[in-house]
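To start, the structure itself, in structure tokens.
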Amino acid sequence: MEFKDAGNNVVAHYSQNNGWAMVMTKGEMARTSEFNAIYVEAWHKAYYEKDNTIDRAAISSRSTFSTSV
């Protein structure tokens with residue numbers, strides 16, 4: 001069984017053996033790829049541009065959570 005949106009794009013499949021399977025439209029895939037690229041770029045900048053010093057705020061509060069980026 002297939003489910004389509006108003007643009008006739010398949011958005012989901014259902015089968016008794018496998019249950020529900022969601023299908024992204026081309027627009028959703030493009031948006032997801034763009035968001036992923038933005039996230040990866042931001043992560044790399046934060047990771048590779050940080051200095052290698054110890055997070056003093058986390059140590060002084062005995063917290064393992066760091067708010068620095």
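What follows is calculated from the coordinates using simple rules that are stated; it is not laboratory data. Just so it is clear, the model here is predicted, and its values are computed rather than measured.
Annotations
- Residues of type aspartates and glutamates that K50 reaches as a straight line, Cα spacing below 19 Å, ignoring anything fewer than 8 places off in the same chain: E41
- Proximal lysines relative to K4, as straight alpha-carbon distance under 21 Å, when same-chain residues fewer than 8 apart are discounted: K26
- Karplus 3J(HN,Hα) series, Hz, for the range 3-13 with 6.51 cos²θ - 1.76 cosθ + 1.60 (x for Gly, Pro): 10, 10, 8, 4, x, 6, 8, 5, 10, 6, 10
- Hz values of 3J(HN,Hα) by residue in the range 35-45 - Karplus curve (6.51, -1.76, 1.60), Gly and Pro given as x: 4, 5, 4, 5, 4, 4, 4, 5, 4, 4, 4
- Put simply, the amide H of V11, placed in the peptide plane, has neighbours under 5 Å in F3, K4, D5, leaving out anything fewer than 5 places away on its chain.
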